[in-house]
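Chemist: Below is one structure. I have some questions about it.
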Amino acid sequence: GYYDWVKEHIHEGAPINECDHCGDPPLVLAAGNGHTKVVELLLNEGADIQQSGLMKDTGLQRAAHNGHYHTVKFMLEQGADVDALDMGDNTALHWAAMRGHVEIVNLLLQNGADKNIKNKQECLPIDLCKAVWSNSYKYVREILAH
C-alpha cells in the first residue's frame with residue numbers, strides 16, 4: 001500500500017517536505033486522500049504539519065474538504081492550526097461547511113475553530129452551506145448557527 005511505498009522512499013532519502021509537480025507536499029497529498037497512517041509516518045519523519053500546497057491549503061484543510069474525519073482528528077491531535085488560512089482565506093471549517101461534512105464541522109468547532117472568520121469573498125463558513133454543494137448543508141447550517 002501507500003504506507004510501505006512512502007516508508008521505502010523516505011528511507012531511500014526522498015525529501016519529506018518537497019512539493020510535487022503540482023505544488024503539493026507529501027503531507028498535504030496524504031491528508032487529502034485520507035491516508036492517516038501515511039500522515040503519521042511523515043510527521044514522525046519530520047514533515048512540517050503546517051506546510052501548504054500550491055493553493056496555500058494545509059493537510060488539515062485538504063482532509064476537511066475531502067471529508068476524511070479520522071485524518072482531521074489525528075492532525076488536530078498533532079497540533080495542526082485549526083484556523084490556518086489558504087489562498088482564499090478559507091479555513092478547514094469553511095471547506096467542511098461548504099462540502100456538508102457535519103461530523104468534521106462539529107470536530108473542528110470542538111477544537112476551537114473560529115466560525116466568525118470571513119474569507120476573501122467576505123463569507124463566513126455558514127454562508128458556504130448551500131444545497132448545490134451537499135445535501136447535508138441544512139445540518140451544517142444548524143450547527144454553525146448556534
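Read the figures in this text as sums done on the coordinates, not as results from a lab. Note that the structure is predicted; figures quoted are calculated from it, not measured. So basically every Cβ, Gly included, is an ideal-geometry build from the backbone, and we count neighbours across all protein chains shown.
Chemist: Take the conditions farther than 19 Å from GLY59 by Cβ, in contact with a Gly (Cβ under 7 Å, 6 or more places away or on another chain), of a type outside the set (Val, Ile, Thr) and in contact (Cβ under 8 Å) with a residue 24 or more places away in the chain and apply them to LYS130. Does it pass?
Modeler: For LYS130, the condition - farther than 19 Å from GLY59 by Cβ, in contact with a Gly (Cβ under 7 Å, 6 or more places away or on another chain), of a type outside the set (Val, Ile, Thr) and in contact (Cβ under 8 Å) with a residue 24 or more places away in the chain - is not met.
Chemist: Restricting attention to the stretch 1-41, report how many residues are in contact with a helix residue (DSSP H, G or I) (Cβ under 6 Å, 6 or more places away or on another chain) and under 13 Å from ALA63 (Cβ atoms).
Modeler: Qualifying residue count for the region: 10.
Chemist: Right, next: May I ask you to list the residues in the stretch 56-90 that are out of contact with any Gly (no Cβ under 8 Å at 6 or more places or on another chain) and among the hydrophobic types (A, V, I, L, M, F, W, C)?
Modeler: LEU60, ALA64, VAL72, PHE74, LEU76, ALA84, LEU85, MET87
Chemist: Follow-up question, since we're still on this one. Which one of these is under 27 Å from VAL140 (Cα atoms), surrounded by fewer than 18 Cβ atoms within 10 Å (Cβ to Cβ) and either of a type in the set (Gly, Ala, Ser) or in contact with a Phe, Trp or Tyr (Cβ under 8 Å, 6 or more places away or on another chain) (or both): GLY46, GLY79, GLY59, GLY13?
Modeler: GLY79
Chemist: Another question, then. Just one of the numbered conditions (1) crowded, with 20+ Cβ neighbours inside 10 Å; (2) under 24 Å from PRO125 (Cβ atoms) is not true of ASN66; which one?
Modeler: Answer for ASN66: the failing condition is (1).
Chemist: Continuing with the same structure: Which residue, of ALA92, ALA84, is surrounded by 15 or more Cβ atoms within 10 Å (Cβ to Cβ) and touching a strand residue (DSSP E or B) at 6+ places or on another chain (Cβ under 6 Å)?
Modeler: ALA84
Chemist: Being small (Gly, Ala, Ser) and in contact with a His (Cβ under 6 Å, 6 or more places away or on another chain) is true for just one of GLY34, GLY88. Which residue is that?
Modeler: After ruling out the rest, the residue left standing is GLY34.
Chemist: What are the residues in the stretch 91-116 that are in a helix (DSSP H, G or I), of a type in the set (Gly, Ala, Ser) and touching a Ser or Thr at 6+ places or on another chain (Cβ under 8 Å), if any?
Modeler: Answer for the stretch 91-116, where residues must be in a helix (DSSP H, G or I), of a type in the set (Gly, Ala, Ser) and touching a Ser or Thr at 6+ places or on another chain (Cβ under 8 Å): just ALA92.
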